[in-house]
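Presented below is the structure to which this report refers.
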Amino acid sequence: MINYTAKYTKIQSGYMGQIVEWPEVITEGKDLEECRDMLRDALQEMILAYRQLGKEIPLGNALLEQIPVEIENVGQAA
């Protein structure tokens, strides 16, 4: 079993989902749950396509981290 990292972005029509380790796997849904389901389906379809083409499947298990920054203070002298 390989774990892939999903990134969800709120857009005007709902949510956009993308696999971080495999940026070509991208989809949209009207809400987060639909986007998750569609992203899972898109990932499975991409795996199948890569297998049929004999292409190497990207590895998962990316580490994501949020880095806080105070935007107002960027570029100001300490």
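The values are calculated or read from the model by the stated rules, or taken from the named source; none is laboratory data. Note that the coordinates shown come from a computational prediction; the quantities given were computed from them, not determined experimentally. Virtual Cβ from ideal backbone geometry, glycine too; neighbours counted across all protein chains shown.
Some values worked out for this structure:
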read-out	value
Only listed residue being closer than 14 Å to N3 by Cβ and assigned to a helix (DSSP H, G or I), chosen from R40, R51	R40
Residues satisfying the stated conditions in the range 18-37, i.e. among the aliphatic types (A, V, I, L, M) and either surrounded by 15 or more Cβ atoms within 10 Å (Cβ to Cβ) or within 20 Å of I47 (Cα to Cα) (or both)	I19, V20, V25, I26
So Y15, is it of a type in the set (F, W, Y) and surrounded by 17 or more Cβ atoms within 10 Å (Cβ to Cβ)	yes
Which numbered condition I2 misses (of (1) modelled with pLDDT under 85; (2) surrounded by fewer than 15 Cβ atoms within 10 Å (Cβ to Cβ))	(1)
Pairs with Cβ under 8 Å, 6+ apart, first in the range 32-48 and closer than 17 Å to T9 by Cβ, second among the charged types (D, E, K, R) and surrounded by 13 or more Cβ atoms within 10 Å (Cβ to Cβ)	C35/E28; M38/E28
Options A62, A77; residue that is in a loop (DSSP other than H, G, I, E, B), at pLDDT below 95, of a type in the set (A, V, I, L, M) and surrounded by 10 or more Cβ atoms within 10 Å (Cβ to Cβ)	A62
Among the residues listed as Y4, Y8, the single one being assigned to a loop (DSSP other than H, G, I, E, B) and under 11 Å from the mean Cα position of the chain (by Cα)	Y4
